[in-house]
Each structure stands twice: as structure tokens, then as C-alpha cells.
Amino acid sequence: AQSVTQPDIHITVSEGASLELRCNYSYGATPYLFWYVQSPGQGLQLLLKYFSGDTLVQGIKGFEAEFKRSQSSFNLRKPSVHWSDAAEYFCAVGGGGNKLTFGTGTQLKVEL
Amino acid sequence: NAGVTQTPKFRILKIGQSMTLQCTQDMNHNYMYWYRQDPGMGLKLIYYSVGAGITDKGEVPNGYNVSRSTTEDFPLRLELAAPSQTSVYFCASRLLTGLSGNTIYFGEGSWLTVV
């Protein structure tokens, strides 16, 4: 069965500092991997996705993520966090089939 | 671009009442989904549909029903509301073909409270 682990429930960073949100997945084949962001009271917005090819993928809002097959990880990074990045972030894994499995989310707080 | 539209955005139900959450998408996507989101639990799949006339259970289907009579619409019905169904519900859709077909697009959510 596929699964996603986001080990950090809450993370606090200072504005301008770098950010890394961790995501580990379990999947039986080559996974499709996603990061979504959710602002309070809003739906989920796709930040970036990995299907194949270059293991470093660029997304919107200056985010990037690196797929590391050997570590079963797909960590999200941003070099300099802005106060508007405060939100909840979800990692998800799926394949060519129907099911997309989400992690439990990481709540990001940005201190000014 | 309307994308995925859910109604209502907020609703309070009494225990035992019934209601339908509406979902419609204008992207001609064949796959549609209903998820529920509870604090600290991420998103759990309730039901999904691979096309008009076809639906299937997800991880947490109990207490819910769905139908898919058209490509655009995928309503979620709660027949006898229970407090355990207090949650945020998200409808989503996906196009089957192509690499971009593995991206799921979400509606803005429906906040349901059962008292």
C-alpha cells in the first residue's frame, strides 16, 4: 500500500531564512509525487509535481523539490521564505491509477 | 476559468439530517473525487469516479453516497448525518490522458458541522 509521511507537524522559520519540509513516501513502483499548499479557509493549490526526468523540480512561488529514490524522499525547499508562505503544506504520492495518498501535512509559521 | 466548484461553502446540520454537497467541474475531466480533511489527518478519499455512470469507494466511504450522471457533476450525499462527519470536504478532478493528467485539481472546500 502506498503511504506518505511528513514527520514535522509544525515548523517555524524566520522571514528570509531557508526552508526545507520533509516528505517520505512508500510506493511499489515509480511514483508520481506532488506538493500542495493550503492557506487557511482555502482549497489546495499545486506547488509542483514530479513524474519523471530531472529529479530537481521547480514549482511556483520559488519552491523546488528533489526526488531521491534511494531515500524515498521528496523534500520541499525554498531559499528565502516570505511571510506570505505561512500555510499548511501537503505531500502526496500516486501512480497511473486512481488513488492519490496525502501526508498529514506540515503547518508552516513564519516569524517576522 | 471556473475549475472545480463546490457548494455550499459552509453548512451546519443536525444529527440525522440529510444533505448533498454539490460539485461541478468545467474542464471535461473524467476522474472526480471526494476527500475529507480532518485536523492532523491529511486528506482521506471517500469516493471517486472514473467517468459518468461509474463510481467506486475510497478509504472512508461509510455514511456517504455518490452519483455521476454527467461528466461535469459529482454530488456527495450524507443520508443520516453524524457528528463524526464534521469535517472539511474537498471535491477534485483529473484528466485521464497525458502526463498532466496525473495532476488533481481541487475545489475550495465545504465546511460541514454536525451538531
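Given the structure, is A:S80 at negative phi and without any contact (Cβ under 8 Å) to a residue 60 or more places away in the chain?
So A:S80 does not fit the description; no.
Among the residues of region B:49-99, write down those that are in a strand (DSSP E or B), more than 14 Å from the chain's Cα centre (by Cα) and either hydrophobic (A, V, I, L, M, F, W, C) or closer than 19 Å to B:L112 by Cα (or both).
B:I54
Given the criteria in contact with a strand residue (DSSP E or B) (Cβ under 9 Å, 6 or more places away or on another chain), open to solvent by 50 Å² or more (accessible area, probe 1.4 Å) and either within 20 Å of A:T104 (Cβ to Cβ) or among the polar types (S, T, N, Q) (or both), does A:I60 qualify?
No; evaluated as a whole, the condition is false for this residue.
Which residue out of B:S49, B:S110, B:S18 is among the small types (G, A, S), within 14 Å of chain A (Cβ to nearest Cβ), more than 25 Å from A:L48 (Cβ to Cβ) and in contact (Cβ under 8 Å) with a residue 40 or more places away in the chain?
B:S110
Based on this model, can you work out whether A:V37 counts as of a type in the set (V, I, T) and over 29 Å from B:F10 (Cα atoms)?
So A:V37 fails the test.
Restricting the search to region A:41-57, which residues are within 11 Å of chain B (Cβ to nearest Cβ) and open to solvent by 50 Å² or more (accessible area, probe 1.4 Å)?
Passing the criteria: A:Q42, A:Q45, A:K49, A:S52, A:G53.
When region A:73-112 is examined, which residues are found to be crowded, with 16+ Cβ neighbours inside 10 Å, more than 14 Å from every other protein chain (Cβ to nearest Cβ), of a type in the set (G, A, S) and outside any strand (DSSP E or B)?
Across region A:73-112, the qualifying residue is only A:A86.
For B:V4, which of the numbered conditions (1) open to solvent by less than 50 Å² (accessible area, probe 1.4 Å); (2) of a type in the set (A, V, I, L, M); (3) more than 14 Å from the chain's Cα centre (by Cα) fails to hold?
(3)
The values are calculated or read from the model by the stated rules, or taken from the named source; none is laboratory data. The structure presented is a predicted model; accordingly, all values stated were derived computationally and were not measured. As a convention, Cβ positions derive from the backbone with ideal geometry for all residues, glycine included, and neighbour counts pool all protein chains shown. In case anyone asks, the SASA skips ligands and DNA or RNA and just uses the protein heavy atoms, side chains included. Shrake-Rupley method; radii C 1.70, N 1.55, O 1.52, S 1.80 Å.
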